[in-house]
Structure formats: structure tokens, C-alpha cells
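Here's the structure, in C-alpha cells; my notes come after.
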Amino acid sequence: MVESAAIDFIKSTYSLGTISSTRNDVPAIFFTLISQLLDKFLKAVKVIMKKPNHKLNKEYSIVENHKLRRTDNKTLQWLSKHPDRIKQSEGKNLVKSALGVRKKITYDTVENQFVKFMLITKVKRLSKFRLIYVSSFKYAEKSADIEVIKNIDNMVSKINRELDNPIFSEVSKLKSLNTMSLVFQMAPGYRDLYRHFQLIQRGISFTGEVYSFSVKETSVLYEYWCFIKLVNIMKKRYAILDDGNDIIKANRKGVVVTLSKNSKSEVRFLDPNTGDRFELIYNPGEYPSDTVKQVPDNVLKLSKQSGINGKKAKFQYVFDAKYKVEMNPDEYYPDKEKKPGPKVADINTMHRYRDAIVAKNGDFTETLMFGAYVLFPYPGNEEEYRSHQFYKSIGSVNIGGVPFLPGKTKIAEELLTRLVGESDSSAFERAVLPKGIEDRLKKIDWTKEDVLVGSLSSVEQWVECYNKKYYYVPVDSLNTNYHQVEYIAIYQSKKLFGEDAGVLYYGEVLEVSVLPRMEINNLGGRTHPNAKCYRFKVKEWKCLSSKIEFERDWVYRPRYSNSFLLHNSKSTFELFNIRSEADYRLVYELRRIQDNLKVQDNAKELFVKIDESISVYNDDSYIRVYEAGKEKLRRSTDDFIRSPSIVFEYIKKCIVNRVNLF
């Protein structure tokens, strides 16, 4: 809301930057403010129109005696001057006609004249802004944004509809307003209308003990603007949990923006699509380090759902504002084309933030920052910067420079969207992990099927197995992989368990033995009493943190899966049809844009049904997206494993925006 003001002040930083107390003459600020406040402004007008301020006027006219209803002193004075209108009859004075009084309600009060004036003033300023905006593109390469023009016309139309109210037809033009009436201080509607009128007219003032700006401190103002603009970018995409009342306040003089140099300021957001929460913090304070304490400018903290079952993982990124540009790179500057870019010293500072800000976790020291970026005022074309070495380094080591000026925020917006939108797994892939942490993030052996998922023939069988801590299956129902089994999971069928169908209980295998079924129990069932069975002794039966839902899949014969999927699957189809890291990552990423997707039962490859028309496949060679049977995208599975966030951006475009990239 205040970025236009901040940039206007960057042009001249000779003062604190307080806008005139009588009028704001910056068109961009006026348009931004009225766009934000018009609905509240017109709401106050509607409140006024329900009960407008009024007064009683006396109207005098000469009427016949039978029409005379009300009289006052002026009637007597008039009769004294017109005795001919009085006649005597039988000793009484009778009036033929006289000056009658009629009281009439009128809305033509000073208060309503001022309301009408405020509405007309806004129409005139909007019309003037439209003219200035359109004319500014007369000789430019770009054309005026049609959405801005529509927005202006829509606002003018809304105000004119209020002016068309019959009440305003009898309200005359405001001649003068020497003192402010109590009506504007106390009456419903009038008070709010006047407040919003002041905010739009006067605009924004940067006041208080914020910073003592001097001619040399443009860098401080740039740092301040960067935070405001980052908040503004986030606000357009995500829901605000905390609107940052400590940053932007309103009083009778206008909108006051205050950022304290000595205290933390933060705004909290929520991604309604994924449920992820995150906060943007200005001046977060000192971060711990084993060497020197670090103090970055802006930190983006993300709390993401980790794994299909929704555990939380935390990620932090530094956005450091540096009002410096390397305009004449020397031969040692990393960029081959020697284009202007961030200072090498500032890039080194980002490495320091990322590597030096750490926390102890047992015997390991973990870095807290997953990436660090320099925000700098790049003077050239933003698209040309994409070939710069410090832009490419963001993709390789998650450290680099990002152009950030008014009209040059596209790269920053793309980066913010990617950081917020990617999964925690992609965030880990983007980060360069320090030594030692790999031991704690061991790769899953997808070829090892260490979980046996078995069915039950009766509820009595489950009661028996649960109480005595064992499970059994016929020998001929298992393949040679039975010796890999470390866990038994119980599949509860829809037929026997109704709404409780699915996989909920599992247990660690302690011992395996081969016995005739009749030596195990005497429950009967489908298995012949003399049939050889594997008897798995279980340490104890435990419940999963969330049940794996039944998915039209009757587990008649035992099936295999792995312990990772046992704890990270939502449905039985996922439990049995995810066969690789790429499969799991793909399902995980897809679920962030379509939570109710369905993994299908397919023995050859992963088959995910997004909706009735879109499906995604992975055969471990290529990931393919189809819409209505027509292939829209094909990307290498190896590329997806190496750079999941980059490849998934293409997949997301196909699914969300229905773009054909094949």
C-alpha cells in the first residue's frame, strides 16, 4: 500500500518525507489509496443515506382562512399590515386570508453539502488520474493496462451511483466550511466518511522516531522499501494471519508507516491451498553462530507439511537489501559477460549467513538457512539478468542476486512463489546440505519389501492375533521375499470392519516359524487344518498415526510394501503402487495442488488420476501428463529427481493452467 510513496521519496532523501498535511499530489499514491479504501468510503456514504442529516425550514404563504393550519408571530405582523383581510361579524374578527406557516424537512445542510463535495472531488481526481495514466503511454513501447483503466471506470461508476441518489439533487454546492461540525465527529457514517476522505486526500506520512534519513542514507530507505514491497507481493497471493499493525497505522493525519530499527517487525501469512504457514520478518535480530553472531535484514520463515501425513518442517531464507551495484565488473568478476550485478562482497555475505547461522541438534550442527539472496537495484533489463552468473547460482547453490526495483520484481516474485509453493522435499533438494547430515537422511531402499500386509478371514481371527501378538499365513501364499519381512500390517476389509476398513495396525516381527495351521489355532477359516503356515511372532501391535484408507482393493492374498510407505501413505493404492523415490516425490508434489487425487492400481507404472480428464504417469523413464487421453507433457524422470522443483513447475502449468507443453 505504501511502496509508491517510498519510491517517490527515493528521488529526494533530503527530509524525513512527510507528505503535505493538506493534500497528497502524487497520483500513484492517490490511486493506490483510493483502490484500497473506496469500498469503506462508499459504505460510509450508504450509512449516511439511511439516516441523513437534515433540518426543518419554515415556508410562508398567503392562504384562505379555511386552509390556514399553523401561525406564528409573523402571521400577526402580516395581519397588522393588512387590516383589509380582517372583517367583523357579530362582534367577532374574522380573517379572510392570512400568512400561513408550513414546516418542511430539507437535506440541504452544510454537512450534506460537504458529503457531496467529497464524492465529486473523488470523481474529478479519478478522471484526472485516468487522463494522466493513458497519456503517459502515448509514446511508450508498452500500452496502458486495461485492468487499471477498468478499475478507474468502475470506481467512478460506483461514486456516480451514490451521487444519483435523489437526496443529493436538493443539496446545493458547498460554498465554504469554516469550522468542522460535531456531526462529522459523532454521527454514524459522517465520522468514517471524513476519516477515509482525509486518508485518501492527505496520503501517507513517514513520521516518528523511525529513521533520521539524511542525504547519505538512501540505502536505509531502500532496505525499508524492500520489506514493504515483499509484504505487498505476498499479500496478493496469500491470506494474512497477522496484518502487521505494528508496521502500518492510521491516525487523523493520514497513514503512518513505522519500522523500528531496534525491534522485530513481522507479517504472518497462510497458503490456503496447502495449509502452510509462513512469516516475513524485518530485523529478526541476532542469529546464533559458533563464530560471530549474524544479523540479516529480512528473513522468510516457512513451516511446511512434511510427508503425506502432514508433519511440519521449517525452512528459512534470507533476503538482504543492498543498495549497491557493481557497475564496472573487472576481470575477476564471476559473470562471463561482465554485466552489472550485485557486489561480490555482498554475495560472500550471503554465503556467510547461510553457513554461519547454525543450531545444535544432538551431536550434529545444522544450518538454519536454506538459501540467501541479495536484493539490489539492477539498472538494466530484468529479463537480460537471467543469463547472469549470480542468477544461475540460485538454482545451483541457492545463493545469488535478485533485481528489486519498482517495475523490476518479476524474478523476486517467481522466487517467492517457488519457495512457498514447493514441498519440503524440494526445499531440501534446493539446499546444499552440510557434511554429516546425509547420515541422518539415508535413502530408502525401494527394492526392499520389509512390510507384509495381510488380510483377515474373520473378526475373531483379529481378536485372537491381537491378544496373542502373532499373525499367520499359508506358506504357499508367500513368495521368497518373506525372509525380508520386518513388520506385519493388518488389512481390515470393508466387509468385516465397515467404516474402519483400511490399514491401521502394524507390529514388528520378532520370530518366524513354520507350523500346521491347527497347531497355531482352532479358528477354522479358509486354510486347511494341516496346511503349513508361517507364524509371525509380533513384539506388539501399534496404531499408525493416521489410517491408510480402503481404496476398492481387496487384499485377499498378502501383499508387500515398505516401512516408509506404511507411515506415509493415504490409501492402499499408494501403499502398493508407489515403487520408487520418483513415484513418492511425484505423488507428494501433486497432492500440494490437488489433495483429493487418486493413485490407481497399476502393475506396470505409477498412474495418478488428478480428475476425470487429467492423469499423470511415471514409468521411471519419463513422467507424462495426459488430458482427455492426449499427451500434454513428457519430462525425464532423472531430471525430476535431480531438480524436482524446476520440472514440477512444468507439470503444474499443465494441470493448473491447462497448458500444452508436449
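Note on the stretch 444-576: percent of Cα-Cα distances in each 5 Å bin, starting at 0 and stopping at the bin with the largest distance, equals 2, 11, 22, 25, 23, 12, 5, 1.
With the cut-off at 19 Å, report for the stretch 578-662 the share of all Cα pairs above it, as a whole percent. Value for the stretch 578-662 (Cα pairs over 19 Å): 26 percent.
How many angstrom separate the Cα center of the stretch 519-545 from the Cα center of the stretch 449-501? Cα centres, the stretch 519-545 to the stretch 449-501: 7 Å.
Database remark: amide H of residue 405 closer than 5 angstrom to no amide H (H placed geometrically; neighbours at sequence offset of 5 or more, or on other chains; Pro and chain starts carry no H). Peptide packing: for 56-62, 219-225, 131-137, 594-600, the average count of neighbouring Cβ atoms within 10 Å per residue gives the ranking 219-225, 594-600, 131-137, 56-62, highest mean first.
Computed from the alpha carbon positions, the gyration tensor of the stretch 511-662 leads to an equivalent ellipsoid with semi-axes of 40, 15, 14 Å, biggest first. Taking each residue as 0.36 nm, the span from residue 242 to residue 97 lengthens on full extension beyond its C-alpha to C-alpha distance by 45.0 nm. Cross-link pairs exceeding 31 Å in C-alpha to C-alpha distance, out of 410/547; 43/236; 43/124; 128/339; 67/173; 236/336, comprise 410/547; 128/339; 67/173; 236/336.
Since every read-out is calculated from the coordinates, none of them should be taken as a lab result. Everything numeric in this text was worked out from a predicted model, so none of it was measured. Cβ sites come from the backbone with ideal geometry, for glycine too, and all protein chains shown count toward neighbours.
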